Amino acid sequence: MSDMNQQMTARYKNNFLKEIEQQAEMGEWVKMCMQCGVCSGSCPTNFHPGWQHPPQEIFMLIRAGKRDEVLDSPSMWMCTSCYNCYVRCPRKLPITHIMHGIAEYAYRMGRAPKGQPTLHLSKTFWNNCTKTGRTNEVQLTQTLYFKDGIVSGIKKALAMQDVAIGLVKAGRLNIMEALGGGHKCKGAKGIHAMLAKARELENQRKGRAA
Amino acid sequence: MTSVVATNQTILVVGGGIAGMTAALEAAETGKEVVLVEKNPYLGGRTVQLYRYFPKMCHPACGLEINLRRLKANPRIQVLTMAEVTGIAGDKGNYSVTVKLAPRFVNESCTACGECNKAASTEILDAFNYNLGKVKAAYLPSDMAYPQRYVIDPSVVGSAEGQAIKAACKYGAVDLDMKEEVVTLNAGAIVWATGWQPYDAEKITPYRYGEFKNVITNVEFERLADPHGPTGGKLLRPSDGKEAKNVAFIQCAGSRDENHLRHCSRFCCMASLKQTRYVQEAFGDAGKSTVYYIDIRAIDRFEDFYQEVKANPNVAFVKSKVARISEDKNGDPRLWGVNTEGYIRYSEPYDLVVLAVGMEPSVKNVAIPAEVLGDSSGFVMADPANAGIFGAGCATNALDVNRAVQSATAAALRAVQVVNQVARAEA
Amino acid sequence: MAEMKTAAYICKGCELGVRLDAAALVKAATKDGKMNLVREHDFLCSADGVALINNDIANEGVTHVALCACSRRAKTEAFNFPTVAISRGNLREGVIWIRPDSDEARETTQEMAEDYVRMACAEVKAMKVPEGNPNTGTSKTLLVVGGGMSGMTAALEGAKTGYKVVLVEKTGALGGMAAKLWKRIPNREPFKAPMDNGVADLVAQIDADANIKVYLNAVVAKTAGAPGRFKVDIAVESGPTVTEDIGAIIQATGFTTYDMAKLPNLGAGQANVVDQLGLEALARAANGGPIKRADGKEVKSVVFVQCAGQRDATKTHLEYCSGHCCATSVKQAMYFKDANPDVDTVVLYTDLRMPGNNEDFYRAAQNKGVIFSKGAVANVSASGDGCTVKFKDLILNEETSADADLVVLATGMVPTTGPDLDQLNEANRAAEGGDAAAKEQVIQMMSKSVLNLDYRQGPDVPQFKHGFNDSHFICFPYETRRTAIYAAGPVRRPMDIAQAQEDATGAAMKAIQAMENAGLGRAAHPRSGDLSFPTARLEGCTQCKRCTVECPFGAIDEDEKRFPLFNESRCRRCGTCMGACPVRVISFENYSVNTVGAQIKAVDIPDEFSEKPRVLILACENDAYPALDMAGMNRNAYDPFVRVIPVRCLGSVNTIWITDALNSGYDGVMLMGCKHGEQYQCHFVKGSELGRYRMSKIYDTLKGMNLEEDRLMDLEVAITDIETLPKKINDYAARIVEMGPSPFKGL
């Protein structure tokens, strides 16, 4: 994979666009954007800092061959999957999916920004839930809250305690999960085998080495 | 009973807008017999609902007057208004067409004196003004209406008011017993010129048309600008009658959008550029316009007009498809989005927002014979193998007035070719 | 011809009988109007009323009818008596609807009505029923100049309609620009790939059509005559000149591409920079395979620069957009992608203009991997083995560049319209003054003529804007200023092939119609079907040439003795010649100095002590008169002292009407005509402008008569001035009252 990171890109040439088409989920849609910007304006996070490049601009950067700017960008990680852009896009680009596709590719390239909260959540969630086949919500929350240290973690936990109590009362949160208890999946092995097979198929489809 | 004289050498023109009128006139002035069928009670179609044309800023009524004079002087054209084609049978050179005529409740004796209008009290929505105002139930659709005959709305037929209206007419022109009629007529060739309808803006949900009063469509804005429209030509916004001095125009409202209209409607860029002139003319330097666009399609010499508008410091252009509209407490619609030229976020309030809605062909939902092809947007497609039915004007494509007339002139020739063949065969 | 018998009909319907004293109107028609027969009717447009008139025509021998009822624009189906001369006294929209129904208004309203009755009687007595132009032409052969896509289409469509066609092509083969294209932009579903240029098919159809006679390597050396009887000399290279009898002409002479040598900053002159036509040549050479440059190298990357030398706000290059070039570049980018998907294709545009279903074509190109970038190109320079295009990426908001093996410039269309007549006239004047350079210039310009019209006003159709032969009318796109000569295709307006073919079909319609009407002695648009035509009493003519110079349609030539020579079937019946004639020898059977003059004289002019001024309004019948009518329909009142006479065009207004009116005691004259100047609204193009120019000269006359300038008022009126016009009339009437009565009153 590292050779991909050495890839030369030239301005306004097809090679980076093609790389994205081949490597990123839904990347084949990038070329269809007509730069209307409705996606950028529709994004609920648009008026918050962090969106260095909105979706339509990412697409233009890809077409302009700006590989580093795209892969290093924190922008794709800002997506909250609200699907506003997706439903409004006049060219029917599945923008939400494209953003995730590019983000995932950047991660695979080792280019994802360090300490990015969305990335952190995704990874944590994935590991948490694939481990037993079910999400351990208490552990998941703990890992997230204490990502930036103990003090900050306690603060966050205190701030959210009303919610937590409410969830426990409603039977939606099992406090035992903190001790490794809670609900589990019976055939965790089967789940792991399925996931491995899925990855294999995915790699085959994309023509990647396993 | 309505009687129509038609043979297999008659050309039937369906639609009495500017394309249909043109096709009818060009054929008739070449010596052909024509029957012109129009759904509305008057001729002229959507063009007469426009205040001005781009790029000349001239008035559609001016050309309509000439066309009506041509029509009045030409004995070869029979006009059926309030009429719709409901079926076409037969083949090229010998069609049999059924036409449904809705009752006008006013016959040819009408002198347009207006006494019936005085006798009426019920008010109905004024379709001519896109329902922005009201008219009495006995009305002349517009000053330029042809036939120059009043129309009585069915809602008052059978009421005491209807009787009063009838009694007010000294000329026996009000006939409340008029019934819907179906006539069948012969035709050698058919020109399909049923025009277009503005795309239903309510379907573009983020723009909240129909919910926010100060979000209107381009065709409605024409009526606001027209001195004979519901506001007497004053650019007043619907919610509170405040002068709309700061107006945003949203291009491609429905057009170039696979969720709505796939095609580019072509006329809307120029229409909005023209409408920025209305704002300028109404308020001078106090009138501000902002055009939100994807591409400004001011094609061929229309570019001159675009350059002029662009040079106006009171008109701004933002390359952006507006994402959504919200409403401020004072009723100002607020546009949200991103200017894609350099990624600049905006959240701007305006007095009024005009949606440049696109053209949807009226052929949709109409039973035209199967051999007439439609394209992916529903427009009648030119088909060299087609028998004797030809599209004209906006039924065939998203066209501006000038191009619709051009298209109709071409369609007239195609129809003439068919009836000439019939004539030669029978000679 | 039957003896003249006049009849006036006074309608009492629509409150006319209530608001007006009908007996007095009858008296006015009888005593002042001196009509042979005067009748009143309660409802003249009813079947009964119409039957009454028809009976009088059939059994009483009535030949001239004054209908004193509603406006000439109303009830036209009922009042349709084609065999007799008709005038309309507008008592409804012109009198009772614009006057309040009050006791104090009654007297002046009645006076107004009586005047209109007198005027209608006077007018109809001065009219004749037009018999049609006797100099009709019988040729029904269509001449098409130019054998490109537009010309071939026009020829085929004409032949398909049953007419003979002569097709003249300058080069040795049909096909024009389209033949140079590898493929064309699709004109039907699925709008996804370039399609065959279609030339071979059209050429084969033309070859197979016995009704089409083709002259190749041929040009039009001379066009003389008029619609229906043109004599066209066709000069064939290395052969004798042939003369064809022609009924109507379609000019489909197409375009040339804008000279890219004028664009050095965009790389003109560099080996690896071509224009779109240059790329077509490369694509044709490649024949579907990889496209190679002139040096034989396969093109692996290409950049298209849109709007090259177009949409130029600095006016150095073309100011307009040529319309087709965005779609053409999309098509050409597909040439590359279809041959080899790995070729890098970039289209740099500022506004991508793909109207209608071309939007699908745009999508298809994107789908094939063509990169579109909103970019403003600064320059193209040679670099390495190819070029570097420097531009500002407007989306990424940065100055950048792209390298390419080949750069394609989307330059625009320059129409082949022949010399600009204004410039030619100027050069001619200088040449006549002895300027040798100007003489050379005239020869040079004349060598570029397309039609070589043997017309007094010059060899080609007057151009509209940017050198194109387009019409200025939105509603009437085919109108040119030379009757029965129509422009089709890119010579009329920038357009692509699909539009050009549609355009050519429409032009064929207009040309066929013009031939048919010329054969019947009828006018062409906008007075289509009008059978009247101008005649001149040449014994009174002073050979001042005003009519020949002013005719907006170039209808009048000069004969050997320098008298005006009317080519009636070129005439549009606007009456500009009549208005121009200082000795008033030009007239139409139903519209003359006399028909209007008699109406002016028929108005009763009260004496200076009556405090009843009289203002004459001469209103253009196309816009101003309908506006006045609609003011009436809306009951927008105006001054009772005005008397309105409709005129065909302001251009037809002869100054004698104004001086006569003022001499006979009118206190003021208002002229109402259409907008003139660059954005003119005049349906006769120059009529309102010429009329106004003429009126500007009248102020000297006013001075000579010791009259105030304000006695004459020139008003530009649009058909929609329904509310403002009455106000302007009232303001003017007030101004007249302020000035006091004309000193000529009662003289």
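Restricting the stretch B:57-82 to residues that are in a loop (DSSP other than H, G, I, E, B) and over 19 Å from the mean Cα position of the chain (by Cα) leaves a set whose member that is surrounded by the fewest Cβ atoms within 10 Å (Cβ to Cβ) is B:75. Quick check on the stretch B:27-41. Is at least one of its residues part of a helix (DSSP H, G or I), of a type outside the set (Asp, Glu), open to solvent by less than 10 Å² (accessible area, probe 1.4 Å) and assigned by TED's automatic domain parsing to the domain that holds residue B:97? There is at least one residue in the stretch B:27-41 that is part of a helix (DSSP H, G or I), of a type outside the set (Asp, Glu), open to solvent by less than 10 Å² (accessible area, probe 1.4 Å) and assigned by TED's automatic domain parsing to the domain that holds residue B:97. From the list C:308, C:261, C:281, the lone residue that is more than 14 Å from chain B (Cβ to nearest Cβ) and farther than 27 Å from residue B:298 by Cα is C:281. Taken together, the residues in the stretch A:176-196 that are among the aliphatic types (A, V, I, L, M), in contact with a helix residue (DSSP H, G or I) (Cβ under 6 Å, 6 or more places away or on another chain) and more than 15 Å from residue A:130 (Cα to Cα) amount to 1. The listed residues are B:3, B:96, and the only one of them that is surrounded by fewer than 21 Cβ atoms within 10 Å (Cβ to Cβ), hydroxyl-bearing (Ser, Thr, Tyr) and not assigned by TED's automatic domain parsing to the domain that holds residue B:415 turns out to be B:3. Residues that are within 14 Å of chain B (Cβ to nearest Cβ) and open to solvent by 70 Å² or more (accessible area, probe 1.4 Å) within the stretch C:54-82 comprise C:72, C:77, C:80, C:82, listed in sequence order.
Being closer than 23 Å to residue B:274 by Cβ and open to solvent by 40 Å² or more (accessible area, probe 1.4 Å) is the filter here, so list the residues in the stretch B:223-241 that pass it.
We begin by selecting, within the stretch B:223-241, every residue closer than 23 Å to residue B:274 by Cβ; these are B:223-238.
Passing the criteria: B:227, B:228, B:230, B:232, B:234, B:236, B:238.
Given (1) within 20 Å of the chain's Cα centre (by Cα); (2) within 11 Å of chain C (Cβ to nearest Cβ); (3) at pLDDT 95 or above, where does residue B:419 come up short, assuming only one miss? Condition not satisfied by residue B:419: (1).
Results for (1) over 21 Å from the mean Cα position of the chain (by Cα); (2) within 14 Å of another protein chain (Cβ to nearest Cβ), shown as yes or no for each residue.
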position: C:576; (1), (2): no, no
position: C:605; (1), (2): yes, no
position: C:609; (1), (2): yes, no
position: C:619; (1), (2): no, yes
position: C:647; (1), (2): no, no
position: C:665; (1), (2): yes, no
position: C:683; (1), (2): no, yes
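Here is the figure for the stretch B:193-222: residues that are more than 18 Å from residue B:289 (Cβ to Cβ) and either open to solvent by less than 50 Å² (accessible area, probe 1.4 Å) or under 22 Å from the mean Cα position of the chain (by Cα) (or both) total 16. For the stretch C:258-273, a residue qualifies if it is crowded, with 19+ Cβ neighbours inside 10 Å and either more than 20 Å from residue C:388 (Cβ to Cβ) or in contact with a strand residue (DSSP E or B) (Cβ under 6 Å, 6 or more places away or on another chain) (or both), and the qualifying residues are C:258, C:260, C:266, C:267, C:272, C:273.
For every residue, the table says whether it meets (1) open to solvent by 20 Å² or more (accessible area, probe 1.4 Å); (2) in contact (Cβ under 8 Å) with a residue 60 or more places away in the chain.
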| residue | (1), (2) |
| --- | --- |
| A:22 | yes, yes |
| A:34 | no, no |
| A:43 | yes, no |
| A:64 | no, no |
| A:69 | yes, no |
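Within the stretch C:472-485, the set of residues being surrounded by 24 or more Cβ atoms within 10 Å (Cβ to Cβ) and more than 10 Å from chain B (Cβ to nearest Cβ) comprises C:482, C:483, C:484, C:485. Within the stretch B:320-334, restricting attention to residues that are within 9 Å of chain A (Cβ to nearest Cβ) and closer than 13 Å to residue B:290 by Cα, the residue that is surrounded by the fewest Cβ atoms within 10 Å (Cβ to Cβ) is B:320.
Taken over the stretch B:273-305, the residue count meeting the criterion of being surrounded by fewer than 24 Cβ atoms within 10 Å (Cβ to Cβ), more than 14 Å from chain C (Cβ to nearest Cβ) and not polar (S, T, N, Q) is 7. Restricted to the stretch B:257-272, and to residues there that are within 14 Å of chain A (Cβ to nearest Cβ) and not hydrophobic (A, V, I, L, M, F, W, C), the residue that is surrounded by the most Cβ atoms within 10 Å (Cβ to Cβ) is B:265.
Per-residue answers, yes or no, for (1) out of contact with any Ser or Thr (no Cβ under 9 Å at 6 or more places or on another chain); (2) at pLDDT below 95; (3) buried (at least 16 other Cβ atoms within 10 Å of the Cβ):
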| residue | (1), (2), (3) |
| --- | --- |
| C:190 | no, yes, no |
| C:224 | yes, no, yes |
| C:229 | no, no, yes |
| C:232 | no, no, yes |
| C:250 | no, no, yes |
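Considering the stretch C:538-581, and only residues there that are of a type in the set (Lys, Arg) and part of a helix (DSSP H, G or I), the residue that is most open to solvent (accessible area, probe 1.4 Å) turns out to be C:546.
Given the criterion in a loop (DSSP other than H, G, I, E, B), farther than 28 Å from residue B:173 by Cα and within 38 Å of the chain's Cα centre (by Cα), identify the matching residue among C:76, C:83.
Details: C:76 fails: farther than 28 Å from residue B:173 by Cα.
Of C:76, C:83, the one residue that is in a loop (DSSP other than H, G, I, E, B), farther than 28 Å from residue B:173 by Cα and within 38 Å of the chain's Cα centre (by Cα) is C:83.
The values are calculated or read from the model by the stated rules, or taken from the named source; none is laboratory data. Since the structure is predicted, the reported quantities are computational estimates derived from the model, not experimental observations. For neighbour counting, all protein chains shown are included, and Cβ atoms are generated from backbone atoms with ideal geometry for every residue, glycine included. The protein model used for the area step is the full one, side chains on, heavy atoms only, and it has no ligands, DNA or RNA in it. Shrake-Rupley method; radii C 1.70, N 1.55, O 1.52, S 1.80 Å.
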